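> Below is a structure I'd like to ask you about.
The values are calculated or read from the model by the stated rules, or taken from the named source; none is laboratory data. In this text the structure is predicted, and so the values were computed from the model without any measurement. Neighbour counts are summed over all protein chains in view; Cβ atoms, including those assigned to glycine, are modelled from backbone coordinates with ideal geometry. For the accessible areas, the whole protein counts, side chains as well, though only heavy atoms, and no ligand, DNA or RNA atoms are used. Shrake-Rupley method; radii C 1.70, N 1.55, O 1.52, S 1.80 Å.
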Amino acid sequence: MQSRRNFIQKLMLTGAAIPFMPSYLAAAEAENSKDGLSFSDDRILRVAIMGLGGYGTRVADAMQACKRAKLVGVISGTPAKIKNWQNKYGILEKNCYNYENFDQIKNNNDIDVVYITTPNALHHDETIRVAKAGKHVICEKPMALNAREGQEMVDACQAAGVKLLVGYRMHFEAKTLEVVRLRETGAFGKIMFFQGLCGFRIGDPNQWRLNKALAGGGSLMDIGIYALNGARYMVGEEPVWLTAQETKTDPQKFKEGVDETIQFQLGFPSGAVASCLSTYNMNNLDRFFLNGEKGFAELQPSTGYGPIEGRTHLGPLTQPHTTHQTKQMEEMAGIILDGHKPIIAVDGNEAIKDLKLIDAIYKACKTGQKIDV
Ligand code: NAD
């Protein structure tokens with residue numbers, strides 16, 4: 001089988017890479033060659049999905065187009081769903097587990113990684129059990145309910161010698177990476193301001209996303225995390241202070257501890273500031289705006305399933321759309337199997353940075369105080 005490295009090298013030799021290969025891929029290739037890492041396309045990442053709901057299904061469908069990642073197993077509490085998935089994706093009986101017996105996955109040599117797509121509150125315990133079974137973990141965002149839980153998950157994976165990655169699909173998205181690349185070349189000048197607006201109107205009041213025990217909060221845990229995480233990768237620094245305010249127009253639907261709308265502001269060491277909005281009560285709110293002394297970038301939509309659209313002061317962003325979850329799983333195969341370094345981190349420590357800020361945002365909403373982070 002021809003390796004991706006060989007393929008890219010051939011493209012480069014013929015000069016054909018220039019129109020086809022996005023700049024960030026070239027940068028990643030250069031970075032990984034520098035580290036002496038090599039692409040080894042002969043291995044495929046064999047994935048079991050835990051939690052066969054909406055997002056798990058999206059990941060499973062997207063993985064059908066992957067060359068380096070393959071869905072081979074499932075973990076679910078619903079036997080009928082397991083049967084459906086076996087029929088749809090050709091999953092073998094011996095790779096099917098439930099929530100009682102999935103620790104036995106440790107004896108299964110056909111599974112490399114478990115991708116956890118269950119409600120937020122379950123991620124902590126499930127990650128630790130998977131790690132103890134000796135399998136790598138990909139966990140959905142938010143990785144945990146708070147930074148303490150997140151640290152326990154990172155520690156458990158480290159102790160077990162397995163990798164912990166988080167489903168930050170935007171970290172592999174082409175237009176997003178082009179903005180990051182342009183910022184690093186100085187195209188926008190000194191970065192001064194970021195605005196991240198993320199929200200949608202949530203439906204069924206009885207769903208787990210509106211249940212504090214399962215969601216750990218409200219819009220911030222679910223959708224506002226995109227603005228928070230985006231502020232960090234768009235500005236390219238870690239915040240040093242924050243302020244936050246919560247507003248609630250429907251206390252019946254959004255019970256105590258479940259935020260409907262939060263605005264938060266972040267201050268960065270360079271002096272750049274960010275102003276963000278997270279809400280469960282506005283549709284079509286999905287916009288990033290970055291401004292420096294010399295120019296700007298805007299993405300709208302900025303974090304939905306795409307295609308992402310955007311432009312800078314230099315012109316429109318034209319990088320082609322690929323299904324986010326397909327791209328994510330291809331890249332994660334390279335990270336897990338070959339030790340590749342992504343341009344924007346997707347590991348457990350990256351998620352802890354978001355969780356610490358989420359803890360501080362909830363605290364700032366309660367106290368009204370500016371918090372040093
Ligand atoms: P969902 O409700 O559609 O699916 C959750 C699944 O977990 C269901 O199959 C459900 O049966 C199962 N489950 C197992 N134990 C459960 C329990 N005790 N209570 C309730 N359900 C239980 O939710 P979803 O939209 O697929 O979200 C799952 C996770 O994926 C969440 O953490 C969410 O934040 C994340 N997510 C990420 C993205 C993304 O773009 N990265 C998008 C959507 C969801």
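> Do you know which of the residues in segment 168-185 that are more than 12 Å from the ligand (Cβ to nearest atom) and not β-branched (V, I, T) is most open to solvent (accessible area, probe 1.4 Å)?
E184
> Exactly one condition in (1) surrounded by fewer than 20 Cβ atoms within 10 Å (Cβ to Cβ); (2) closer than 28 Å to D347 by Cβ is not met by A231; state its number.
(1)
> Please verify whether K94 is open to solvent by 40 Å² or more (accessible area, probe 1.4 Å), basic (K, R) and either in contact with a Lys or Arg (Cβ under 9 Å, 6 or more places away or on another chain) or farther than 27 Å from E331 by Cβ (or both), treating the condition exactly as stated.
yes
> Is there a residue being among the basic types (K, R) and in contact (Cβ under 8 Å) with a residue 24 or more places away in the chain anywhere in segment 303-314?
Scanning segment 303-314 turns up no residue that is among the basic types (K, R) and in contact (Cβ under 8 Å) with a residue 24 or more places away in the chain.
> So, K141, is that one touching a residue at least 24 places away in the same chain (Cβ under 8 Å), of a type in the set (K, R) and either touching a strand residue (DSSP E or B) at 6+ places or on another chain (Cβ under 8 Å) or under 19 Å from K70 (Cβ atoms) (or both) or not?
Taking the combined requirement at face value, the residue satisfies it.
> State all residues of segment 321-373 that are among the basic types (K, R) and either under 24 Å from Q300 (Cβ atoms) or not in a loop (DSSP other than H, G, I, E, B) (or both); if no residue qualifies, say none.
Scanning segment 321-373 gives K327, K353, K356, K363, K366.
> In the set I202, I225, which member is hydrophobic (A, V, I, L, M, F, W, C), crowded, with 23+ Cβ neighbours inside 10 Å and touching a Lys or Arg at 6+ places or on another chain (Cβ under 8 Å)?
Unique residue meeting the criteria: I225.
> Residues A156, A231, A227: which one is over 15 Å from the mean Cα position of the chain (by Cα) and part of a helix (DSSP H, G or I)?
Matching residue, one of A156, A231, A227: A156.
> Those residues that are buried (at least 24 other Cβ atoms within 10 Å of the Cβ), out of contact with any Ser or Thr (no Cβ under 9 Å at 6 or more places or on another chain), closer than 24 Å to G73 by Cα and of a type outside the set (A, V, I, L, M), I need them from segment 137-167; list them, please.
Matches in segment 137-167: P142 only.
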